[in-house]
1. Identify all residues within the stretch 72-101 that are crowded, with 19+ Cβ neighbours inside 10 Å and β-branched (Val, Ile, Thr); write none if there are none.
2. Starting from residues that are exposed (fewer than 11 other Cβ atoms within 10 Å of the Cβ) and of a type outside the set (Gly, Ala, Ser), keep the ones in the stretch 102-118 and report whichever is farthest from Tyr144 (Cα to Cα).
3. Condition check: loosely packed, with under 12 Cβ neighbours inside 10 Å and modelled with pLDDT of 80 or more. Does Asn153 satisfy that?
Amino acid sequence: MKWHPLPLALALFMALTLITLFFEIWNLTRLERLTYFQLVWLLAPQFVYFLAASAVLPDEVPEEGLDLLAWYMADRHYIVGLLAFAFALDFLSQVLDGWHFFMSHPNFFWGFFIPANAAALTLVGIMLLSRRVWVHGLALAALYGIAYYGYGNWEIKGQPAAVANKAPRGS
């Protein structure tokens with residue numbers, strides 16, 4: 001196996017992206033009602049992120065070995081295409097689901113949300129079009145920067161979990 005850091009860095013980026021699902025699902029705790037189709041809509045971007053994450057590294061390595069960078073560059077349209085589709089679907093979902101919030105916070109919407117998403121979509125578009133490894137590396141580094149800036153202040157504030165004392169069964 002001939003290793004290269006670029007596909008490994010993209011695999012880590014995808015794993016970190018999937019972790020954001022925990023924070024996004026946490027927001028569902030405020031809902032009193034959620035239908036099946038609403039849940040499907042909320043999870044659709046995460047499902048596509050999962051497909052992209054699953055595609056980043058090869059499933060099998062042939063007996064003669066594998067050049068990881070050559071494999072990634074040959075499959076980059078599929079991998080990065082899934083990532084671009086996930087970003088676009090996530091963007092649409094956030095705009096539709098958060099419209100009232102965005103309209104009451106226009107500085108956030110126009111000052112961060114739109115520029116960050118436009119930059120992320122532009123970067124994956126560049127990755128789709130480019131055959132140059134260094135372009136992929138720079139674009140991925142920029143995606144890490146956007147993610148750090150966007151997710152760096154996410155936190156969950158809540159009450160600590162408590163175990164309720166229940167009477168034993170049959171008593």
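The values are calculated or read from the model by the stated rules, or taken from the named source; none is laboratory data. All values reported here derive from a predicted model rather than from experimental measurement. Here the Cβ positions follow ideal geometry from the backbone for every residue, glycine too, while neighbour counts run over all protein chains shown.
1. Ile79, Val80
2. Ranking the qualifying residues of the stretch 102-118, first place goes to Met103.
3. Judged against the criteria, Asn153 is a match.
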